[in-house]
Every structure is written in C-alpha cells, then in structure tokens.
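One structure is given here, and the rest of the page talks about it.
The values are calculated or read from the model by the stated rules, or taken from the named source; none is laboratory data. It should be emphasised that the depicted structure is a prediction, and the values quoted were computed from it without experimental measurement. Glycine gets a Cβ as well: all are built from the backbone with ideal geometry, and neighbour counts include every protein chain shown.
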Amino acid sequence: MNSAEVLIIDDEVQIRKLLEITLESNGYRVNEAATAKEGLILAANHPPDLIILDLGLPDENGQEVLQKLRQWYDKPVLILSVQSDEENIIRALDHGANDYLIKPFRTGELLARIRSALRISLPVDTESAIEAGDLEINLSTRVVRKNDVPVKLTATEYALLSLLAKNEGKVLTHQFLLRQVWGPGYITQSQYLRVFVAQLRKKIEADANKPRHILTESGVGYRFVSES
Amino acid sequence: MSRQFNMAGLQLSRINRRDQYGYSILAVALVAATCYSLSTILPYRVTALILLVTVSLIAMFFDIAPVMLAAVLSALVWDYFFIPPHFTLSIRDSEDALMLLMYFLVATVNAVLTYKIRLVEKNAMREEGRANTITLYNTLLNSLSHELRTPISAIIGASDNLSEPQKLTEKNKADLVGEISKASFRLNQQVENLLNMSRLESGVIHPHLNWCDISELIYSAVNKLEPELKLHTVRVNVPEKFPLFKLDFGLMERAIFNLVNNSAVYTPAGANITISARQGREVGPDSVIQAVVNELILAVEDNGPGFPKDEVNRVFEKFYRLQNSRTGGTGLGLSIVKGFVEAHHGSIHLENLPGGGAKFTLTIPAEISHPNQLENE
C-alpha cells in the first residue's frame, strides 16, 4: 500500500537497523546514509519521498544539513534527535523540518508522524471536510460538528482550529500559530494563544483537561490529532 | 570557629593584589599618624608595639607581599618619625638600633607564619571538600548502579530468552517483550533525571518565560503520569478565571510531574493526590488579606504516610533517600524540583499535614495576565 521511499540519515547503526525493520515491515522502501555528506548526495541523486534526519551527525550539524536540504528539497523532513531542548526543536521547525521526534521514541508514534507528514505534503483540498473522530470540520461551509452537533465557534477559534486540523499530526509552533491566526505583530503575544486554545478545548474536546485532539507540546507548540 | 575565621580571611584576600598594597600603606599611615599626634603621651617604644600589632592584623587577611611591604614601611616610619633624632633615619642609641632590628624580624616572622597557617588551612578545606565530594560520588554510584543496572539486566535477560523462541510459550514471549519495554522506560526516566541534574549543576538552566495556562500546565504533567496514577484519585483545583502566569512551561511541567510522581510512588493504592493553584496574597498584620501579589502558589498534597519528622528538611538534598525507603529512585526527583523552582526565583516548602500526608508548596514570583480582556475576539 505504501511504496513511499524514505531516506534515513543517522550515524548510529542500531538506529538505522531499527528504522529499516520498522519501515520495511510497514511497506516503505528505505535508503540509508551514515554521514551528512553521504545523505546529501543520496538525497540529490535520488530524491526520496521523506527524509528522517538525525541532528547529531559526525561530519556536520544536522540543523545545517536541514537548511541545505531546504534550498531545493520540498518534501517532508522528519527530525529524529536526542536533543530534547525546546530551542533546538523550535529552530529545526523554523528551518523547515516538518516534525520532530525525540529519541527514545515509540515506533507507533514514528509511523504516525511519517503518515501524517506524507499526507500533509499532498495539496490541501479547501473544499473538503476534515473528519477527526467525533469531530467534523467542513472547510467550505466553515461548520464544525462534534458528534453531529454543530459547535459555535468565534472567527478566531475557527481560524485556529482549521489551521491546526489542516496540519493534522504536525506540531505547529506558538510563533507560527500566532503569526498565521493573529498576524505578524502578535508573535510574542502568547497569552492570546493560551486563552483561545483553552476556549477551543472546552468546545471541541470531550474532556478539556484530557485533550484528545489539540495536544500540548511543552514549550514548543500544539499538535492536532484526529484520534489518540 | 577557626574555619569561620579563615573564611573571613579568604574573603578579604579576594581583594586584588594592587588594592591590598594600597590598604597596607593606608593602615600603617593611619596608625602612625594617630600615634604621632599622641606622641606627647605615648612613649615611642610603645608605638613600635602598636605598629607591630597593625602588621600582624594585616598578615591575617592579606597576601605575603603586601604584608612584607607593611613590615618594611612601618619599620622605616617608626625609625624616621619616632626614634630620636626625629625626621632622619639615623639612630643615636644602640639600644634603639637593636630594637629596630628586632622589630623588623618579629614583623617578618609574624607575616610568614600567619601566611603559612592560612595556606595549611586552605589545603585542609580543599581536602574536606574533596572528601565530601567522594562521599556524594559514592552515594550516587550506589544508587545509580542499582537504578541503571536493574533495568539493563531485565533487558539483557529478556532478549537472551527471546533469542531462543522455540523454548518459550506465546505468553512468555509477550511478557518478556513487556519487561523490555518497562525496563527501557525506567532507564529513560533515570537518564532524564540525571540529565536534568547535570543541567542544574552546570548552571545552564535559564527559564524561557512564556504565558502559561496553569490548568493546562497541571493537566499536561498529570496526563503524562496516567499509568502511574491508575490506583490513585487525583484532584486538580484551579480557580475559575485564573490568570495566566509567565513561567517556563517545560521546567514547571517537569517539577509538577516529579512531585505528583513522588506522591504516586510513595503513597499506598487508593490514596488521594490534590494539586491546587492560587495567586499569592499579602496578608496584613491583623491577618486581613490586603492585596494579591504577582506570585503563583502551587500545592501538591496527598493523604499518604507523610515524611518522617527528622527527614523533612533533607528530602531536597541531592541523592537523599529516606532511611526506610523502598527500592527504586535515585533521590534526584525532588532536588530537581527544587532546582527548577529556584531557577524561577521561587521556593519550595514541605510539611506533614495534621491528618497525615505530605504537602509540597511551591511559591513562584511571576508576571500575571488576566485573560478576561482577550476573550470573544
């Protein structure tokens, strides 16, 4: 079913082996590189559908590799790294990474992120409706239903929800959300985001305190998932 | 006592060399001027003793070179201004010449001896520090080797068994895989603690302050502990219309996570854990609340056994574990909480509740934003 090709750039043999088994047993074709140099050459010679990039490469900083890739490669790049500090994550996302997964990771989570990244890279059909478990977001009529009951949302709440839902599975940074929903002048006004996420959760989540759709990524941003 | 004293000496010796010379000259000049103005009632040989005491005092605090300067200078000053004939370095009396020589010798010996004592004391303190470090290191190694080797043993043992699958039933296999998973998560938890501790130790933690919804913060930590809290009842009390606070979400989430995890691990099944938040208040002399202050007060309390009275003050120490503690844990969790709270310039307090159970209270100064104005835009 999936015949997408994935390029793994990671210097650890163990991680490459694990990824290879995980991905191949889920129908992906896999290519591997152990260094930044090798990875960049492989990617250029034979552009894959998705790249899994480690930040701690022996010959070059992964953040720089990411920037080099982004000069010409527009398909998803997924960062897989042991660096768990928010600054590195935000930096990678700002430099065009589609997602960020911290080692150690669960393979189920990895596969979900890959599926989501590949789906988002397809053109978005603005006429369609997004089905997310008990939620339905109709992008053309702008009507949101929870368990088939229409939910009243303000314009800002709708803008926030539809932006998150269109990027289902992907982490969106605070700054990105503030810029897209409120405008460039608001990127430091994170209090808006906090308040509207709280309001939105009260309206669309079964239990606002145990969100199943709008997930908090500590210190980084928010991620929308259809079901968790 | 001597150590206290030495500390003062060390502190003064932190005054840089050039300033020490200045202070030495100043001290000798001041004392000499005072004696000179009293020279009608003060015999000049008594002045020698006063100057000697001055040099001795300087020797207690300053490096050897400025002290030697003071010794030489005071000898010259005494000779020039006090030994007759005045205002010349020549000495009439041979007794005075002997006195001057002895003065100079005593001052020098005094300086050298004091310097040597200080050196020995400094070494002793360094030695003591090293001994403390070794004790701490041993404690760490003991708890670490247990905390890390247990899950590693489980992983190696389970994978060895799985490498001969023909000997195993399906249920055995599933159990072994479960063990590997559990052990890996425990290992990861310990590594996380160690990393946080070393971040705190190296002083690289600078909170990234951002507006936080306290309810979201608490639930974010609690939801991550769902498996550990299966047998507990968790209550969260956050007031309606609670303001946003400017905090580091990640650090505070980890602090709450560690506190709640600590309660979950050390209270029996069925225990209650309550997490509550409120804004700090200033209380007047007649215990009338005067005004709210920019301060978040977070409390995590349980109805478990509480902490032994004499250990309440020690639980935040690094690697400290209760005397009769069950196995598991490196004694890092609570000291990390303390470290993260202090990184916010806040404080942590532990008390046993009158009805049994423990209560941790975090008091964190933070900027506040009232969200009411933002709603319905």
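If only one of A:L78, A:L55 is without any contact (Cβ under 8 Å) to a residue 60 or more places away in the chain, more than 15 Å from A:D11 (Cα to Cα) and not aromatic (F, W, Y), which one is it?
Working: A:L55 fails: more than 15 Å from A:D11 (Cα to Cα).
After ruling out the rest, the residue left standing is A:L78.
Residues in region B:219-236: is at least one within 11 Å of another protein chain (Cβ to nearest Cβ), under 15 Å from B:I364 (Cα atoms) and outside any strand (DSSP E or B)? Don't jump to the end; show me each part of the working.
We begin by selecting, within region B:219-236, every residue within 11 Å of another protein chain (Cβ to nearest Cβ); these are B:219-224, B:226, B:234, B:236.
Add one more test, that the residue is under 15 Å from B:I364 (Cα atoms), and what stays is none.
No, there is no match, as no residue in region B:219-236 is within 11 Å of another protein chain (Cβ to nearest Cβ), under 15 Å from B:I364 (Cα atoms) and outside any strand (DSSP E or B).
Kindly indicate whether any position in region A:149-167 is within 23 Å of A:H95 (Cβ to Cβ), more than 11 Å from chain B (Cβ to nearest Cβ) and either among the charged types (D, E, K, R) or free of Cβ contacts under 8 Å to residues at least 12 places away in the same chain (or both). Please lay out each step first, then the result.
Going residue by residue through region A:149-167, those that are within 23 Å of A:H95 (Cβ to Cβ) are A:163-164, A:166-167.
Still in the running and more than 11 Å from chain B (Cβ to nearest Cβ): A:163-164, A:166-167.
Subset that is either among the charged types (D, E, K, R) or free of Cβ contacts under 8 Å to residues at least 12 places away in the same chain (or both): A:166.
Yes, the conditions are met somewhere in region A:149-167.
Would you tally the residues in region A:211-227 being assigned to a loop (DSSP other than H, G, I, E, B) and closer than 25 Å to A:A92 by Cα?
Just the residues of region A:211-227 that are assigned to a loop (DSSP other than H, G, I, E, B), to begin with: A:211-213, A:218-220, A:225-227.
Now restrict to residues that are closer than 25 Å to A:A92 by Cα: A:213, A:218-220, A:225-226.
Here the count works out to 6.
Spot the failing condition for B:A174; the list is (1) closer than 28 Å to B:A277 by Cα; (2) of a type in the set (A, V, I, L, M, F, W, C); (3) without any contact (Cβ under 8 Å) to a residue 12 or more places away in the chain, and only one is missed.
So B:A174 meets the others, but not (1).
Among the numbered criteria (1) in contact with a helix residue (DSSP H, G or I) (Cβ under 6 Å, 6 or more places away or on another chain); (2) within 11 Å of chain A (Cβ to nearest Cβ); (3) free of Cβ contacts under 8 Å to residues at least 40 places away in the same chain; (4) not polar (S, T, N, Q), which single criterion is violated by B:A264?
Among (1) in contact with a helix residue (DSSP H, G or I) (Cβ under 6 Å, 6 or more places away or on another chain); (2) within 11 Å of chain A (Cβ to nearest Cβ); (3) free of Cβ contacts under 8 Å to residues at least 40 places away in the same chain; (4) not polar (S, T, N, Q), the lone unmet condition for B:A264 is (2).
Looking only at region A:170-191, count how many residues are surrounded by fewer than 19 Cβ atoms within 10 Å (Cβ to Cβ), touching a residue at least 24 places away in the same chain (Cβ under 8 Å) and over 13 Å from A:V220 (Cα atoms).
1
When residues of region B:187-218 are filtered for being surrounded by fewer than 18 Cβ atoms within 10 Å (Cβ to Cβ) and more than 12 Å from chain A (Cβ to nearest Cβ), how many remain?
So the count comes out to 5.
If you check B:S287, B:S215, which single one turns out to be closer than 24 Å to A:R194 by Cα, in the same structural domain as B:L332 (by TED's automatic domain parsing), of a type in the set (G, A, S) and out of contact with any helix residue (DSSP H, G or I) (no Cβ under 6 Å at 6 or more places or on another chain)? Reasoning before the result, please.
Working: B:S287 fails: closer than 24 Å to A:R194 by Cα.
On inspection, the qualifying residue turns out to be B:S215.
Yes/no per residue for (1) away from chain B (no Cβ under 14 Å); (2) under 22 Å from A:E5 (Cβ atoms):
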position	(1), (2)
A:P48	yes, yes
A:G56	yes, no
A:Q63	yes, no
A:L66	yes, yes
A:R70	yes, yes
A:E87	no, no
A:N98	yes, yes
A:F105	no, yes
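Of the residues B:V292, B:V337, only one is within 20 Å of B:F257 (Cβ to Cβ) and modelled with pLDDT of 75 or more; which?
On the way: B:V292 fails: within 20 Å of B:F257 (Cβ to Cβ).
One residue alone meets the criteria, B:V337.
Could you count how many residues in region A:172-182 are part of a strand (DSSP E or B) and either of a type in the set (A, V, I, L, M, F, W, C) or modelled with pLDDT of 95 or more (or both)?
Here the count works out to 1.
When residues of region B:69-97 are filtered for being surrounded by fewer than 18 Cβ atoms within 10 Å (Cβ to Cβ) and of a type in the set (F, W, Y), how many remain?
Start the filter on region B:69-97 by keeping residues that are surrounded by fewer than 18 Cβ atoms within 10 Å (Cβ to Cβ), which leaves B:72, B:76, B:80-81, B:84-95, B:97.
Subset that is of a type in the set (F, W, Y): B:80-81, B:87.
Count: 3.
Pick from region B:290-316 the residues that are over 27 Å from the mean Cα position of the chain (by Cα) and buried (at least 16 other Cβ atoms within 10 Å of the Cβ): which of them is farthest from B:Q279 (Cα to Cα)?
Here is the first cut: in region B:290-316, the ones over 27 Å from the mean Cα position of the chain (by Cα) are B:290-292, B:302-305.
Add one more test, that the residue is buried (at least 16 other Cβ atoms within 10 Å of the Cβ), and what stays is B:302-304.
Details: B:D302: 21, B:N303: 24, B:G304: 26 Å.
If we take residues in region B:290-316 being over 27 Å from the mean Cα position of the chain (by Cα) and buried (at least 16 other Cβ atoms within 10 Å of the Cβ), then B:G304 is farthest from B:Q279 (Cα to Cα).
Output the residues belonging to region B:172-185 that are surrounded by 17 or more Cβ atoms within 10 Å (Cβ to Cβ) and within 13 Å of chain A (Cβ to nearest Cβ).
B:I180, B:A183
How many residues does region A:183-210 hold that are within 8 Å of chain B (Cβ to nearest Cβ), assigned to a loop (DSSP other than H, G, I, E, B) and within 22 Å of the chain's Cα centre (by Cα)?
1
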